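Notes to accompany the following structure.
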Amino acid sequence: MGDLWTVAEIVEAVKGQCSLEPEAQKACHIGSISIDSRTLEQGALYVAIQGVSQDGHKFVGPAFQAGAGAALVREGFQVEGGESQGVLIYVPDTLAALEALGRTARARTEAKIIAVTGSAGKTGTKEALHSMLECNGPTHASVKSFNNHWGVPLSLARMPQDSVFGVFEVGMNHAGEIEPLSKMIAPDVALITTVAPVHIGHFANEEEIADAKAEIFAGVKPGGGVILPADNRHYERLVASAHRAGIERIIGFGRAEGAPARMLEGQFDREGSVVRADILGQQVRFKIAMPGEHIALNFVGALAGVSLLGGDVQRAAEVLERLAPPEGRGGRYELSLPNGSFLLIDESYNANPASMEVALKNLSMMRGQAYSRRIAVLGDMLELGARSKAYHQDIAAQVGNLEVNLVFAAGEMMRDMFEQLPLEKQAGYGATSIELCSLVEKKLQPGDVVMVKGSLGSQMGHIVQRLKDNYKA
């Protein structure tokens, strides 16, 4: 862990007051930043954020006990039990101070930065860009799905000054959330993976979702570029938004004729993809060890990002074969049963109508001698608004047209879907994911492929973890 900031630099950036004398502040070095006292590294800056359910100030003492070197706290705060065990930096608002630190980190680096948003595929595309750019130079990227009002400034504040590239994920579930984050990031390039009816419960229609994604254009630096999904029905709307934002370099990606970043050929099976693509005039061929045409198309867009940032596209393409999916987004686990094994596919991180359809199609491809039954374990898709019932009922029709043998379902919305399935495909229903666990376990057989998917709030990860714990290979 190298030096990231001195306490003096942090105090200046956040316009705070410090318990250390000025000269001592210059000598006190911070190697990392965390808002979680349970996972911080030795010598880290702990930022006490006031959350919805927890106030981070309650954990300042534990943070120092865990090795924090300093803590960013609100004015007037006192550590419970008396004297502080570390350096305190006082500010009126710790989240606003974190944002200021993030903006300072952006201003002090010469790194070329790309920001990624979209209705699906953000994290996987961000991870791919991280790996592809890393082979071109030191690259900093946001971790996990740190893409919201605290995740973006935290990720920026963690960026080393000597980074050559930066990759940041930007998310939203309401209009107006992306613009301030994009302005904070000030990307050289912005990439939108797709526009789909995700969080549509907060919008009147998909067009409003497209407009919300287009807020990312607000922060793009003068002379920068944007990469847009040319196959998406909202492509022209996004292009028009980019023009209004004064962006001239607009790159479409996909299969569409004339797209500057275009998939020319693709072979797709249950193990992955082999793709030939034209990336801004440079032809490349690459393999991906993850199934799904949607992933391959997103990686075509990511390669366009590498090109716009000045990276080596060919070297970047070679990295893709070694990538593994992010946690909860397609990971595969061979698990043991008394008389054999079964394959678990973990898609539990999130779900929307578009990603659910893709996951079911990928499950349907898992055919052959090794796999006797394909089983879908599905939880509610959330934040879909007035059309939620219809979106869930659509799944029953999809399953009817696919080679999916059994379906388990959890949640109120999935109940309607489950009742519309053919009787021979109805494996079991539970009101919650926890209730469903034992039903799934009772019907497991050697040779099964079990795919678990649902929105994060439906907590389908409980099922994944239980299966991994109880049936370790």
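Kindly provide the set of residues from the range 112-135 that are within 24 Å of ARG315 (Cβ to Cβ) and in contact with a strand residue (DSSP E or B) (Cβ under 7 Å, 6 or more places away or on another chain), ordered by number. LYS112, ILE113, ILE114, ALA115, VAL116, LYS122, THR123, THR125, LYS126, LEU129, HIS130, LEU133 - these are the residues of the range 112-135 that are within 24 Å of ARG315 (Cβ to Cβ) and in contact with a strand residue (DSSP E or B) (Cβ under 7 Å, 6 or more places away or on another chain).
Just wondering, is there one or more residues in the range 416-424 that are closer than 19 Å to LEU467 by Cα and in contact with a strand residue (DSSP E or B) (Cβ under 6 Å, 6 or more places away or on another chain)?
no
Please determine whether any residue of the range 426-442 is hydrophobic (A, V, I, L, M, F, W, C), closer than 23 Å to MET366 by Cα and in contact (Cβ under 8 Å) with a residue 60 or more places away in the chain. Checked against the condition, which is being hydrophobic (A, V, I, L, M, F, W, C), closer than 23 Å to MET366 by Cα and in contact (Cβ under 8 Å) with a residue 60 or more places away in the chain, the range 426-442 yields at least one hit. Checked across the range 110-125, the condition of being part of a strand (DSSP E or B), out of contact with any Phe, Trp or Tyr (no Cβ under 8 Å at 6 or more places or on another chain) and more than 30 Å from LEU238 (Cα to Cα) holds for no residue. Under the condition of being more than 23 Å from GLN50 (Cβ to Cβ), surrounded by fewer than 23 Cβ atoms within 10 Å (Cβ to Cβ) and not hydrophobic (A, V, I, L, M, F, W, C), the residues counted in the range 151-178 number 4.
Residue-by-condition table, conditions (1) farther than 21 Å from GLU177 by Cα; (2) touching a Gly at 6+ places or on another chain (Cβ under 7 Å):
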position: ASN205; (1), (2): no, no
position: GLU208; (1), (2): no, no
position: ASP211; (1), (2): no, no
position: GLY219; (1), (2): no, no
position: PRO222; (1), (2): yes, no
position: LEU228; (1), (2): no, yes
position: ASN232; (1), (2): yes, no
position: ALA242; (1), (2): no, no
position: ALA245; (1), (2): no, no
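Quick check: anything in the range 215-223 within 22 Å of ASN148 (Cα to Cα), among the charged types (D, E, K, R) and at pLDDT below 95? Among the residues of the range 215-223, not one is within 22 Å of ASN148 (Cα to Cα), among the charged types (D, E, K, R) and at pLDDT below 95, which makes the answer no. Residues of the range 126-171 that are farther than 27 Å from ALA351 by Cα, under 17 Å from the mean Cα position of the chain (by Cα) and not in a strand (DSSP E or B): LEU156 alone. A single member of PHE253, PHE286 is among the hydrophobic types (A, V, I, L, M, F, W, C) and farther than 18 Å from LYS122 by Cα, and it is PHE286. Filtered by the rule that a residue be closer than 18 Å to LYS144 by Cβ and among the hydrophobic types (A, V, I, L, M, F, W, C), the range 1-58 gives ILE33, ILE35, LEU40, ALA44, VAL47, ILE49. Give me the residue from the range 46-104 that is among the aromatic types (Phe, Trp, Tyr) and over 24 Å from the mean Cα position of the chain (by Cα) and, out of that set, surrounded by the fewest Cβ atoms within 10 Å (Cβ to Cβ). Among those that are among the aromatic types (Phe, Trp, Tyr) and over 24 Å from the mean Cα position of the chain (by Cα), it is PHE77. Residues that are outside any helix (DSSP H, G or I) and either hydroxyl-bearing (Ser, Thr, Tyr) or closer than 24 Å to MET381 by Cβ (or both) do not occur anywhere in the range 236-248.
Here ILE30 fulfils each of the conditions (1) free of Cβ contacts under 8 Å to residues at least 40 places away in the same chain; (2) more than 30 Å from ASP312 (Cβ to Cβ) apart from (1). Screening ILE295, ILE288 for residues that are over 29 Å from GLY219 (Cα atoms), of a type in the set (A, V, I, L, M, F, W, C) and within 21 Å of the chain's Cα centre (by Cα) leaves exactly one candidate, ILE288. When the range 49-99 is limited to residues that are among the hydrophobic types (A, V, I, L, M, F, W, C) and part of a strand (DSSP E or B), the one that is nearest to ILE30 (Cα to Cα) turns out to be ALA70. For the residues GLU403, GLU383, the requirement of being more than 23 Å from ALA473 (Cα to Cα) and in contact (Cβ under 8 Å) with a residue 60 or more places away in the chain singles out GLU383. What are the pairs, 6+ residues apart or on separate chains, where a residue within the range 358-375 that is not assigned by TED's automatic domain parsing to the domain that holds ASP269 and buried (at least 19 other Cβ atoms within 10 Å of the Cβ) has its Cβ under 9 Å from a residue that is modelled with pLDDT of 90 or more and among the hydroxyl-bearing types (Ser, Thr, Tyr)? From residues that are not assigned by TED's automatic domain parsing to the domain that holds ASP269 and buried (at least 19 other Cβ atoms within 10 Å of the Cβ), the pairs are ARG374/SER364. For ALA289, indicate whether it is in the same structural domain as GLY118 (by TED's automatic domain parsing) and surrounded by 19 or more Cβ atoms within 10 Å (Cβ to Cβ). Criteria not met by ALA289.
The values are calculated or read from the model by the stated rules, or taken from the named source; none is laboratory data. No experiment lies behind these values; they were computed from the predicted model shown. Cβ: placed from backbone, ideal geometry, glycine included. Neighbour counts: every protein chain shown.
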